[in-house]
Structures are given as structure tokens and as C-alpha cells.
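Read the figures in this text as sums done on the coordinates, not as results from a lab. Note that the structure is predicted; figures quoted are calculated from it, not measured. Virtual Cβ from ideal backbone geometry, glycine too; neighbours counted across all protein chains shown.
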Amino acid sequence: MKWIKDIGNWVVNHWIEIALICIAVGVTWLSPVASAIMFTMWYWVGEGATEGYTWSTSERRHGNYIIRPGIHDSPLFKTAQGRWCYHTWRVMGENVGMFGSVIMYVWLAHQGYALQGLLFDYMGATMAGIFFYERVFNHISYNDLWPQKSSWDVLNGWIIVPRAVWQDFVLLIVGIAFVVL
């Protein structure tokens, strides 16, 4: 039964490539609307990876399994655990997600889909995507998917928004509700 373990290890080691193939081929063929939603969410995953890398400590930059330094001749690059380097996440995560999202939504509008429905789909995908952004960001920056974060300081202290983990779940649920509408 070693072959089952080998297949499992291959899937774990190539989950990003598998996700991209599913988005680009399978989901587009099954539902163009689902493809647009997935591209939007993929953008937020890429944004979470690069933002998490930017805000993390040098120890966390080296020790997470999602992103690694982007300088290929660096000793840190060769020993880092991350799947993709910073610049690959910029291109394959953020740019592919954003470009695919824009292309799909414009194409869907051209095909006659209701603009109100597409707007709700985009807003819902963005809300759900921010939930995944937070998970990736937190893993890279804090090595914890659910850290207790400090309050948001908006407009230089004019507005202070307290943070709690349940707020992330509200965002995910509202996002899914927008997509379902």
C-alpha cells in the first residue's frame, strides 16, 4: 500500500498546481460564474501570501510552507520550506487571480448575465476570499490560523474597530450568502 502514501504525498506537495488546474479547466468548463468566483478568491489567497510574507519576521519567512524568499541564489531560498517564492505568488496568485476574475466577469456581462447578479457574486467572492486571505496571512505571519489580533485603527485613531475570530466567520457566511443570492 506504499503507492497510496505516494499518491497522498504527491497531492500534498502539489496542491497549488492542482487548485490552479481545477480553476482554469474544470470549473470554467462546468460553470463560468463559478470560475469567476474562484479567480476572485484565488487573488485573495495570493494577496494573503505576499502580505503575510511582507509583515512576517525573518524566522517566519523562512519557516512557513507557503512562501519563500524570491532571490534564487540566496542560501535562504535553497533551504526555505515554502512552495512558491514571493514573486511567483505575485504572478500566479495575485495577477492570475485578478486578470482571470476581470476577464470572466466582463465575458459573463457580455454573454448577458445580469449585472446585479455578477456584482453580488463578486462581492461575495471578495468577502469569502478575505476569509482565506486572513488564514494564509496568519499562517505565514504568526504560524497560527486563528491568532488574537489587535484592533483596527482606522483614520489615524478616529475609528477603532475591535477584532475577534468570529468576525472572520461572519464575513465568510455573508460572502457565501451573496454568492447564493
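Structure notes:
- Segment 93-152 - Debye-derived log10 I(q)/I(0), Cα point model, q = 0.20, 0.24, 0.25, 0.30 Å⁻¹: -0.82, -0.98, -1.03, -1.21
- Each label was represented as a point 7 Å from its Cα along the Cα-to-Cβ direction; for I159 and W107 these points are 3.6 nm apart.
- This ranking places T126, T57 by how few other beta-carbon atoms lie within 10 Å of each, fewest first, which gives T57, T126.
- At an R0 of 22 angstrom, the distance between the Cβ atoms of Q167 and E51 translates into a FRET efficiency of 0.75.
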